[in-house]
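Following: one structure in structure tokens, then a few remarks.
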Amino acid sequence: MARDVHLLPKAHLHLHFTGSMRTSTLLELAETYGVHLPEALTSGEPPKLRATDERGWFRFQRLYDIARSVLRTPEDIRRLVREAAEEEVEDGSGWLEIQVDPTSYAPRLGGLIPALEIILDAVDEASRLTGVGMAVVVAANRTRHPLDARTLARLAVRYADRGVVGFGLSNDERRGLARDFDRAFAIARDGGLLAAPHGGELAGPGSVRDCLDDLHAARVGHGVRAAEDPALLARLAEQRITCEVCPASNVALGVYEKPEDVPLRTLFEAGVPMALGADDPLLFGSRLAAQYELARQAHGFSDEELAELARQSVRGSRAPEPVRRRLLAGIDDWLAS
Ligand SMILES: [Zn+2]
């Protein structure tokens, strides 16, 4: 009998803040605040999105913005983070790096600094309550001005000893150049943060190369489109750059037609380290363990290979040494069970 992937210890390195919300919580908070939700967010089915064209991506962003608008108080933030951590426990995750652009929450939470502090306090509390190790990746938005990204990078560095471990860059890769954000990433790296920009999702392998060349990424959000370029795959493998691959998200956004088309095998066989992630469970309908289940079902990953994927997620994380050791030992135990 196949082992349960929920029991396989792993790290979750690609999860967005609002996108981690439970549907039931979204419905409840929307009711409380009188926010009208479009049917795409209430039907219980993941919305049909096609982000490969600009209109589809815009629609995705709009749904995300509406969902975010129900997060208004520190208590809402605490609830979101606590529930995200509870879901991690269910899915066998022992370490979560949650990604957030505090700019989006600043207006309702008293400004950028209070917003980040509220988020970091919530992360602390959720981690204590659930036992899941947690950290934060502060992500800049590439559709905004690079100066905003620099401000965020400085802020992120200031909170490096309070749980910020990385600096990201999200939103539509087809907009702007990675290079425009090189200064922000230099600030983050100099401050000891891990550089983890999105690339190789909506845009091709060139966008992954830009992340490496211009931003000195140590990890790439998605990165799957590197599969189209064997030389780039070799480089990712050689430099041990972990790709945060989110298969269900890729299919939901139309990057690939069906689960079988996500090039998990190509990356795995090329030796590119991967950390499977859920991206935005609220919008894509599945959480972390489901990504491992997809690797098993759609790509025939054996339990040994799933264990190796889990190890790669742990090795690619910023989890402290004792947590890494515990998770890696737990992976061996899972295989031995
Ligand atoms: Zn993402």
ask   = Mean separation of Cα pairs under 8 Å and 6+ residues apart, divided by the residue count of the range 119-256: what relative contact order is that in percent?
value = 18 percent
key: Relative frequency of Cα-Cα separations exceeding 25 Å in the range 5-336, percent   = 46 percent
request  = Give the distance, in whole Å, between the Cα centre of the range 100-139 and the Cα centre of the range 244-262.
outcome  = 28 Å
request  = Give the share of C-alpha pairs in each 5 angstrom bin for the range 182-329, from 0 to the last occupied bin, in whole percents, shortest bins first.
outcome  = 2, 10, 19, 22, 21, 15, 8, 2, 0
note = If R0 = 41 Å, then Ala2 and Glu39, at their Cβ-Cβ distance, give a FRET efficiency to the nearest 0.05 of 0.65
task = Pairs of Cα atoms under 8 Å, at least six residues apart: use those to get the relative contact order of the range 210-337, whole percent.
result = 22 percent
request  = Please list the helices of the chain that count as membrane-span-like by this rule: a mean Kyte-Doolittle hydropathy of at least 0.0 together with Cα atoms stretching 20 Å or more along the helix axis, each helix being a complete DSSP H run.
outcome  = 112-130
message = Suppose only helical runs count, i.e. DSSP H with n ≥ 4. What mean residue ellipticity at 222 nm does that imply for the chain under -39500 (n - 2.57) per run, divided by all residues and rounded to the nearest 500 deg cm²/dmol?
response = -15000 deg cm²/dmol
query = Between the DSSP loop rule and a limit of at most 11 other Cβ atoms within 10 Å, which trypsin sites (Lys or Arg not before Pro) in the range 1-74 are left?
reply = Lys48
key: Full-stretch length increase - Arg144, Asp161 - with 0.36 nm per residue and alpha-carbon distance subtracted   = 3.5 nm
remark   = Spelling it out for Thr242: with amide H atoms placed in the peptide plane at 1.01 Å from N, the residues 5 or more places away or on another chain with amide H under 5 Å from its amide H are Val220
inquiry  = Suppose a student asked you for the relative contact order of the chain, using Cα pairs under 8 Å spaced at least 6 residues apart; what percent would you report?
reply    = 21 percent
request  = Any chance you could run the full-extension gain for Arg265 through Leu177? It's 0.36 nm times the residue separation minus the Cα-Cα distance, nm to one decimal.
outcome  = 28.8 nm
request  = Please report, to one decimal in angstroms, the Kirkwood hydrodynamic radius of the range 75-232 built from all distinct Cα-Cα pairs.
outcome  = 16.0 Å
note = Per GNM of the chain with C-alpha springs under 10 angstrom, the most fluctuating residue out of Gly277, Gly94, Gly56 is Gly56
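Read the figures in this text as sums done on the coordinates, not as results from a lab. If you're wondering where the values come from, they're calculated on a predicted model, not measured in any experiment. Neighbour counts run over all protein chains shown; Cβ positions are idealised from the backbone, glycine included.
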